[in-house]
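Please read the structure below before turning to the comments.
All of the numbers you see were taken from the coordinates with simple rules; none came from a lab. Keep in mind the model is a prediction, meaning the values are calculated, not measured. No Cβ is skipped: glycine too gets one built from the backbone with ideal geometry, and neighbour counts run over all protein chains shown.
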């Protein structure tokens, strides 16, 4: 059994310098913001993405850390195994896994012909995270050094969107709710190995998923938020950095809303 070590002072309490971090979906959007936050905090970053992540990795190296991109379809367990093997050829260990990669949903459940969108979204957003954890967590356990697993959930896993306005996201909401409960299970299951597991549930955040929203829709959302603005990807990254730091060693099994207060008012 591994006990987490409490901090003795604030010196270095928020440091992640030298940690090896894997970020899925790190080539763009929120994932890029997360990778950037770690790189700017002197952590080394491996980017796993179905897109070409070489430019993003080059950006990370600009902060003076080691970074490389690896092609990976997280919904395909064989692709995950291949990518993780490559990561472990690049890093001698993985200290932090951030499950960020995901896709949105737009189709009403009963209108989803042959449930194609349902399978695709669940396969990436929930099964994809499970594939990553199932492949990396045993390596973390074997290393005996503990670690952190952070999954990017959503406030959509805790609330139903306005269906009257056409916001049909059944597979997305179910997948994110699954991430939340899976996080709690894993925190209990992996705690004895010094592995902490948490999730972050973003609300309205500038990313690939909101890029096509009309300005009027964004303005309407911002009007109702207590903070009156969308979040930024690097702010999600900042919370990831905190959760990976010594200051957060007593935090596990938690779902952090990062939503500008949206859950408070809707």
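Among 9, 67, sorting on how many other beta-carbon atoms sit within 10 Å of each Cβ, with the fewest leading, yields 9, 67. The label-point distance for residue 217 and residue 86, in a model that sets each label 7 Å from Cα toward Cβ, rounds to 3.3 nm.
Run the paramagnetic zone check for residue 17: 7 angstrom along Cα to Cβ, then residues of segment 65-99 with backbone nitrogen under 14 Å. Under 14 Å, as judged by backbone N against the label point of residue 17, lie 65 of segment 65-99.
Reported to the nearest whole Å, the Cα centre-to-centre distance from segment 203-266 to segment 38-101 is 23. When the helices of the chain are scored as -39500 (n - 2.57) per DSSP H run of n ≥ 4 and the total is divided over every residue, the value at 222 nm lands at -12500 deg cm²/dmol.
Cβ crowding within 10 Å, taken as a proxy for footprinting-reagent exposure, orders 3, 19 from fewest neighbours to most as 3, 19. Between residue 63 and residue 119, the FRET efficiency estimated from the beta carbon spacing at R0 = 30 angstrom works out to 0.20. For residue 106 and residue 2 in one chain, what is 0.36 nm times their gap in residues minus the Cα-Cα distance, to one decimal in nm? In short, 33.1 nm is gained.
Extension gain, residue 93 to residue 250, is 54.3 nm, computed as 0.36 nm per intervening residue step minus the present C-alpha separation. Applying 1/(1 + (r/R0)^6) with r as the Cβ-Cβ distance of residue 177 and residue 77 and R0 = 30 angstrom yields a FRET efficiency of 0.85. So, R0 is 30 Å and r is the distance between the beta-carbons of residue 227 and residue 184; what FRET efficiency does that work out to, to 0.05? Once rounded, the FRET efficiency stands at 0.65.
Pick out which of 33, 12, 191 has the largest mean-square fluctuation in a Gaussian network model of the chain, springs linking Cα atoms closer than 10 Å. Of 33, 12, 191, the most mobile in the Gaussian network model is 12.
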